[in-house]
Amino acid sequence: MKRPVVELSDCTRCGVCVEVCPEVFSMNESGFIAIADLESYPESEVDEAIKNCPEDCIYWQED
Ligand code: SF4
């Protein structure tokens, strides 16, 4: 399955992905980006988050 991944070491926690696609991306209690555990991911919204991430640290991973 295709799922989004955030390279946390490059993430500046700007919150853009959470704004663009809140059903997938959220900020956890420690302030890091968490990815929701979904059966399938909304491709166009995740692509939008990928496009808007200033650090280019979101990508798709195929299981
Ligand atoms: S948009 Fe990119 S840099 Fe910003 S919080 Fe999301 S993953 Fe991190």
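Where a number appears in this text, it was derived from the coordinates with a stated rule and is not lab data. Just so we're clear, the structure is a prediction, and the values are computed from it rather than from any experiment. As a convention, Cβ positions derive from the backbone with ideal geometry for all residues, glycine included, and neighbour counts pool all protein chains shown.
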*Go through segment 34-63 and give me each residue that's within 9 Å of the ligand (Cβ to nearest atom) and either touching a Leu at 6+ places or on another chain (Cβ under 7 Å) or not hydrophobic (A, V, I, L, M, F, W, C) (or both).*
52, 54, 55, 56
*Being under 10 Å from the mean Cα position of the chain (by Cα) and touching a residue at least 12 places away in the same chain (Cβ under 8 Å) is the filter; apply it to segment 12-22 and report the residue that is surrounded by the most Cβ atoms within 10 Å (Cβ to Cβ).*
17
_Residues of segment 1-11 satisfying the condition of being assigned to a loop (DSSP other than H, G, I, E, B) and either within 10 Å of the ligand (Cβ to nearest atom) or buried (at least 18 other Cβ atoms within 10 Å of the Cβ) (or both)_ = 7, 8, 10, 11
*Output the residues belonging to segment 23-45 that are loosely packed, with under 12 Cβ neighbours inside 10 Å and either in contact with an Asp or Glu (Cβ under 7 Å, 6 or more places away or on another chain) or outside any loop (DSSP other than H, G, I, E, B) (or both).*
43, 44
